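Q: Before we start, here is the structure in question, set down as structure tokens.
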Ligand SMILES: *Cc1c(COP(=O)(O)O)cnc(C)c1O
């Protein structure tokens, strides 16, 4: 459920007309709904009410906007970060360092050092080599880094190949069969406090069975480690729960996911950790765009909008579907291709799709754009970096400025031997 609805014929975010935001900020612009974020955060938390101890770390990469992180910090959420930049955002948003999980297969020496200094709550180690490096860094600083070992369970999440992370051929985590040995060796290192295991098999997961299989394998590994005398107090089950992008699309609900987790983790006697991204942020945002012109095609017309693949990369990257809807729908529909202005054929949002009738100058939105939207934006074709707005009831605020091409140009220089 979200708070983007028609009021008097015009699409609103909560009580704010999208047209009003577009007039002031211009287009394209991402618009987030605070109430939707809070609702998702609450529903997800309530899904695990049956578990004794839970820690939820929002996957910052899905939507790193400072205001979004602040909102989630107020909901008691921690953060799952994959870079020093994301860590600093979570800290700037007021998230306690102890609530932050540092994931990622390529944490650099500088990043590990900064995170140890900041007192990050848990490092999810992706290799034995990383653990050894972190141990040396922590010991040299006279600190102890609290860690979980990320395990690759070799389970197929049955999602898009580019966002599948739990198969043996993926770069993430350590091989399941080697995990116990690595955990034992890392546990012996001064500077590290091994406290648990982590797993994350992919994103936009639409079938709970692969997750269930992965969690069962993790439970078996946990038990084996405990039998050997190792402490395993934290089990991080990652993120990945999918969201509906199309009307009527059926996905497992957080409650169904929670019930599966409760069943699998019964008797684990561990803090269960989650790293949700998309399920919290996806349907809490839309991308507002203006139709530049409608161009005649050989079959369907081309609706050329002012948003492009640099603003919303998912269709070009993952063949993803985002609903396209007029801000002031007439009730009529047409079959069209929706494309951006970028000089690539991959800059296509919809092909031969039945959409609301739109004409030049009309506003429209791409739905479910709160996750992996603005965060993946870039300036390809020397376009601006897209701004972000947050709505709260009848008020709204710009939460990320549009970065103009001139600002980016000003960061470049011609060397004196070229002048
Ligand atoms: C991307 C990622 C997540 C979040 O994935 P969602 O599908 O957005 O829930 C969680 N944990 C890790 C380690 C990730 O890389």
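Q: Look through 126, 132 and report the one residue that is within 16 Å of the ligand (Cβ to nearest atom) and either under 22 Å from residue 201 (Cβ atoms) or touching a helix residue (DSSP H, G or I) at 6+ places or on another chain (Cβ under 9 Å) (or both).
A: 126
Q: Answer yes or no: is there a residue in the stretch 65-76 that is touching a strand residue (DSSP E or B) at 6+ places or on another chain (Cβ under 8 Å), more than 20 Å from residue 237 (Cα to Cα), assigned to a loop (DSSP other than H, G, I, E, B) and assigned by TED's automatic domain parsing to the domain that holds residue 265.
A: Yes, there is a match, as at least one residue in the stretch 65-76 is touching a strand residue (DSSP E or B) at 6+ places or on another chain (Cβ under 8 Å), more than 20 Å from residue 237 (Cα to Cα), assigned to a loop (DSSP other than H, G, I, E, B) and assigned by TED's automatic domain parsing to the domain that holds residue 265.
Q: Filter the stretch 310-341 down to the residues that are in a loop (DSSP other than H, G, I, E, B) and closer than 21 Å to residue 243 by Cβ, then identify the one that is modelled with the lowest pLDDT.
A: 319
Q: Kindly indicate whether residue 48 is within 13 Å of the ligand (Cβ to nearest atom), over 17 Å from the mean Cα position of the chain (by Cα), crowded, with 18+ Cβ neighbours inside 10 Å and assigned by TED's automatic domain parsing to the domain that holds residue 190.
A: no
Q: Only one of these is within 12 Å of residue 128 (Cβ to Cβ) and in contact with a helix residue (DSSP H, G or I) (Cβ under 8 Å, 6 or more places away or on another chain): 197, 189. Name it.
A: Only one candidate qualifies: 189.
Table: residues versus (1) in a helix (DSSP H, G or I); (2) out of contact with any helix residue (DSSP H, G or I) (no Cβ under 8 Å at 6 or more places or on another chain); (3) outside the structural domain of residue 122 (by TED's automatic domain parsing); (4) farther than 19 Å from residue 122 by Cβ.
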{"position": "146", "(1), (2), (3), (4)": "no, yes, no, no"}
{"position": "157", "(1), (2), (3), (4)": "no, no, no, yes"}
{"position": "172", "(1), (2), (3), (4)": "no, yes, no, no"}
{"position": "179", "(1), (2), (3), (4)": "yes, no, no, no"}
{"position": "183", "(1), (2), (3), (4)": "yes, no, no, no"}
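Q: Among the numbered criteria (1) closer than 28 Å to residue 341 by Cα; (2) touching a residue at least 24 places away in the same chain (Cβ under 8 Å); (3) outside any helix (DSSP H, G or I), which single criterion is violated by residue 55?
A: Of (1) closer than 28 Å to residue 341 by Cα; (2) touching a residue at least 24 places away in the same chain (Cβ under 8 Å); (3) outside any helix (DSSP H, G or I), only one is false for residue 55: (1).
Q: How about the stretch 245-263: which of its residues are part of a loop (DSSP other than H, G, I, E, B), within 14 Å of the ligand (Cβ to nearest atom) and farther than 16 Å from residue 163 by Cβ?
A: 252
The values are calculated or read from the model by the stated rules, or taken from the named source; none is laboratory data. Quick caveat: nothing in here was measured; it's all calculated off a predicted structure. Neighbour counts run over all protein chains shown; Cβ positions are idealised from the backbone, glycine included.
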